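First the structure, in the form of structure tokens, and then the observations on it.
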Amino acid sequence: MVSTRYSKDSLLRRIRTIGDFQFGKGAGEAIFPDGCTFQLSTTGRIRQAHLDGDRLATVRAQDGRLTLGIAGALRLAAHIPPPCYRVTVQEDVAAFIADGKNTMAKHVVSADEEIRAGDEVLVVTGEDNLLATGAALLSGREMLAFNYGVAVKIRQGRGSKCIQER
């Protein structure tokens, strides 16, 4: 860990503020509990937040927004009610998406209408089981209107074993 002029409490407040800005009030505290550890850049900025060895999120250098890891996505999904930031897909493609394959628009069953292209989203089954997290390439309405193309570029999937555990 790189030494920094910021305290651990200050780093935690900073990343929680980013979470609240990006996902709504209270999301920062839900994603980043008190026991978080941080990986810092050489300039002392937050790069990643971890909890018990699992990556919760990475702070993108270009815009300061969060990209979620599976651990962070699970915590966010438990905090925000459906359909917020969720893209629901057909059951027959769930295993492929959980293994990290991109979500095609023709497989989207429903999507939060507030999703904008570029937003970090949760890809779920009809029963709200988290499959993956990624970046929306289309708005929520476009995901439902289009029959071709990639709707969500998957960053990280849970693995097809999460489908079998249900």
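Quick notes on this structure:
- Filter result for residue 141 (of a type in the set (D, E, K, R) and in contact with an Asp or Glu (Cβ under 9 Å, 6 or more places away or on another chain)): yes
- Filter pass, residue 37 being of a type in the set (Ser, Thr, Tyr) and over 27 Å from residue 149 (Cα atoms): yes
- In the range 75-93, the condition of being of a type in the set (Phe, Trp, Tyr) and over 20 Å from residue 17 (Cα atoms) is met by no residue.
- Taken across the range 57-72, residues that are in contact with a strand residue (DSSP E or B) (Cβ under 8 Å, 6 or more places away or on another chain), of a type in the set (Ser, Thr, Tyr) and at negative phi do occur, with at least one present.
- Odd one out for residue 157 among (1) under 16 Å from residue 70 (Cα atoms); (2) of a type in the set (Gly, Ala, Ser); (3) surrounded by fewer than 17 Cβ atoms within 10 Å (Cβ to Cβ): (3)
- Filter result (modelled with pLDDT of 95 or more and among the charged types (D, E, K, R)) within the range 10-46: 13, 14, 16, 20, 25, 29, 34
- Beta carbons closer than 6 Å, at least 6 apart along the sequence or on distinct chains, pair a first residue in the range 94-115 that is over 14 Å from residue 141 (Cα atoms) with a second that is assigned to a helix (DSSP H, G or I) and at pLDDT below 95 for 94/163; 95/163; 98/162; 98/163.
The values are calculated or read from the model by the stated rules, or taken from the named source; none is laboratory data. Keep in mind that this is a model prediction, so the values were computed, not measured. FYI the Cβ positions are ideal-geometry reconstructions off the backbone, even for glycines, and counts take in every protein chain you see.
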